[in-house]
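Colleague: Got a structure for you, questions after.
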Amino acid sequence: MTREEYDEAINVIRTMAMLSSAIDWRACMDAATRADAIGPILDPTLYHKAMDTHELIKRGLRAALNFETEMRAIERVFQENRKAVPHG
């Protein structure tokens, strides 16, 4: 991988992080958890039919939460490094 390709990959990751931060992933996960709690009561048949898809969605939400956490940590490092580098 060239330096330019690496820099482009970093820019894509930072863009993804910026876009991801616009969504409240925790609230989405809370809604999915509530659906788990009330779905079987409100409509057991529909809940059972949708369970596989619902599990995939929850996996995606957990991945998004983890991604956002990691990207915030990386962005903090970028910000700290930017402050540490003297501008000429």
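The values are calculated or read from the model by the stated rules, or taken from the named source; none is laboratory data. Just so it is clear, the structure is predicted and the values come from calculations on it, not from any experiment. A quick note on method: Cβ atoms are made from the backbone with ideal geometry, for glycine too, and the neighbour counts reach across all protein chains shown.
Colleague: Can you name the condition, by its number, that Tyr47 falls short on among (1) under 11 Å from the mean Cα position of the chain (by Cα); (2) assigned to a helix (DSSP H, G or I)?
Modeller: Tyr47 satisfies all of (1) under 11 Å from the mean Cα position of the chain (by Cα); (2) assigned to a helix (DSSP H, G or I) except (1).
Colleague: Hey, among Ala84, Ala64, which residue is under 25 Å from Ile10 (Cα atoms) and exposed (fewer than 10 other Cβ atoms within 10 Å of the Cβ)?
Modeller: It is Ala84.
Colleague: Then there is this: Looking only at residues that are among the aliphatic types (A, V, I, L, M) and surrounded by 11 or more Cβ atoms within 10 Å (Cβ to Cβ) in segment 15-30, which one is nearest to Ala50 (Cα to Cα)?
Modeller: Step one: of segment 15-30, the residues among the aliphatic types (A, V, I, L, M) are 16-19, 22-23, 27, 29.
Subset that is surrounded by 11 or more Cβ atoms within 10 Å (Cβ to Cβ): 16-18, 23, 29.
On the way: Met16: 29, Ala17: 29, Met18: 31, Ile23: 24, Met29: 16 Å.
Among those that are among the aliphatic types (A, V, I, L, M) and surrounded by 11 or more Cβ atoms within 10 Å (Cβ to Cβ), it is Met29.
Colleague: Looking only at segment 1-46, which residues are charged (D, E, K, R) and modelled with pLDDT of 90 or more? Steps first, please.
Modeller: Step one: list which residues in segment 1-46 are charged (D, E, K, R), which gives 3-5, 7-8, 14, 24, 26, 30, 34, 36, 43.
Answer for segment 1-46, where residues must be charged (D, E, K, R) and modelled with pLDDT of 90 or more: Glu4, Glu5, Glu8, Asp24, Arg26, Asp30, Arg34, Asp36, Asp43.
Colleague: Now a separate question. Does segment 46-58 contain any residue that is within 28 Å of Thr15 (Cα to Cα), surrounded by fewer than 12 Cβ atoms within 10 Å (Cβ to Cβ) and of a type outside the set (Phe, Trp, Tyr)? Working first, answer last.
Modeller: So the first thing to find is which residues in segment 46-58 are within 28 Å of Thr15 (Cα to Cα), and the list is 53-58.
This time we only want the ones that are surrounded by fewer than 12 Cβ atoms within 10 Å (Cβ to Cβ), so: 53, 56.
Narrowing the set further to residues that are of a type outside the set (Phe, Trp, Tyr) leaves 53, 56.
Yes.
Colleague: Would you point out the residue of segment 1-42, among those that are in contact with a helix residue (DSSP H, G or I) (Cβ under 8 Å, 6 or more places away or on another chain) and small (Gly, Ala, Ser), that is farthest from Asn66 (Cα to Cα)?
Modeller: Gly39
Colleague: Test Asp24 against the criterion of being closer than 24 Å to Glu75 by Cβ, under 12 Å from the mean Cα position of the chain (by Cα) and of a type in the set (Asp, Glu), and give yes or no.
Modeller: For Asp24, the condition - closer than 24 Å to Glu75 by Cβ, under 12 Å from the mean Cα position of the chain (by Cα) and of a type in the set (Asp, Glu) - is met.
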